[in-house]
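S.K.: Below you will find the structure I want to go over with you.
The values are calculated or read from the model by the stated rules, or taken from the named source; none is laboratory data. None of these values were measured; they are calculated from a predicted model. Quick reminder, even Gly has a Cβ in these numbers, built from the backbone with ideal geometry, and neighbours come from all protein chains shown.
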Amino acid sequence: MDDATTPLAPADLTLDELRAALAPLIAANAAFDGWSMAAVTAAAKTFGADTDVAALAFADGPVATIDAWFADIDRRMIEALPADRLSAMKIRERITALVEARLAAVAGERESLRRALAILAMPRNVARATRLGWRTVDLMWRLAGDTATDYNHYTKRAMLGGVYGATIAVFLDDESGGHADTRAFLGRRIDGIMRFEKAKGRFLASRDPERRISLSRFIGRLRYPAV
């Protein structure tokens, strides 16, 4: 077998590669052990990795393990919806499919997700949680084909962040068949985003371009303030 396609042994992985490999295994244990070093150790033993090296990979604590798991969910979402499949959809369908793909990726780990969100909601973790949330919605919009660089870049992501967070809250307690209640809830919220975008487009088309540029600069400075 070609060396390029031969999986590396656990001992040969970099710390980044080890984090990626262990993340879904840690999530599987987090439902019982929490996002703890016990979950990291159990995952390392299952994977065949040195437990001390695994502890080093996640030395930053529970939020680091959650971060790695969310990155794994990103990867699974991308694999589930390759570019050629997304390109055949309308924008509303793309966003809906991307959110549903993320939900499918965590459907078997809802208790782990519940515990992860509780950790991220702690005051000391709010800034990191905000960055992780932004990373998620930014990726979904980029996969959906959004190339906006003005204030639309921010409003779209802010709205999707609100929709995604509310949908997760419904999803965690949804016992309907095939998560039908969550899907219906998501559909209504996505419709709301699309209606808002259409109304915003009509409104801005009638406004002075100079005012739109100023607003764009203002919002951009909120994220990238002058030093």
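S.K.: What's the number of the only condition in (1) of a type outside the set (Ser, Thr, Tyr); (2) surrounded by fewer than 18 Cβ atoms within 10 Å (Cβ to Cβ); (3) within 18 Å of the chain's Cα centre (by Cα); (4) at pLDDT 95 or above that Gly162 fails to meet?
M.R.: (4)
S.K.: Any idea how many residues of the range 121-139 are of a type outside the set (A, V, I, L, M, F, W, C), exposed (fewer than 12 other Cβ atoms within 10 Å of the Cβ) and over 11 Å from the mean Cα position of the chain (by Cα)?
M.R.: Adding up the residues that qualify gives 2.
S.K.: Please work out which one of (1) of a type outside the set (S, T, N, Q); (2) within 30 Å of Val126 (Cα to Cα); (3) touching a residue at least 40 places away in the same chain (Cβ under 8 Å); (4) in contact with a Phe, Trp or Tyr (Cβ under 8 Å, 6 or more places away or on another chain) is the condition Arg92 fails and give its number.
M.R.: Of the numbered conditions (1) of a type outside the set (S, T, N, Q); (2) within 30 Å of Val126 (Cα to Cα); (3) touching a residue at least 40 places away in the same chain (Cβ under 8 Å); (4) in contact with a Phe, Trp or Tyr (Cβ under 8 Å, 6 or more places away or on another chain), the odd one out for Arg92 is (4).
S.K.: Return the only residue of Ala30, Ala59 being out of contact with any strand residue (DSSP E or B) (no Cβ under 6 Å at 6 or more places or on another chain) and crowded, with 17+ Cβ neighbours inside 10 Å.
M.R.: Ala30
S.K.: Which one is farthest from the chain's Cα centre (by Cα) among residues in the range 62-90 that are assigned to a loop (DSSP other than H, G, I, E, B) and surrounded by 16 or more Cβ atoms within 10 Å (Cβ to Cβ)?
M.R.: Looking at the filtered set, the residue picked out is Met89.
S.K.: Filter the range 30-52 down to the residues that are part of a helix (DSSP H, G or I) and touching a residue at least 40 places away in the same chain (Cβ under 8 Å) and list them by number.
M.R.: Within the range 30-52, Ala30, Ala31 meet the criteria.
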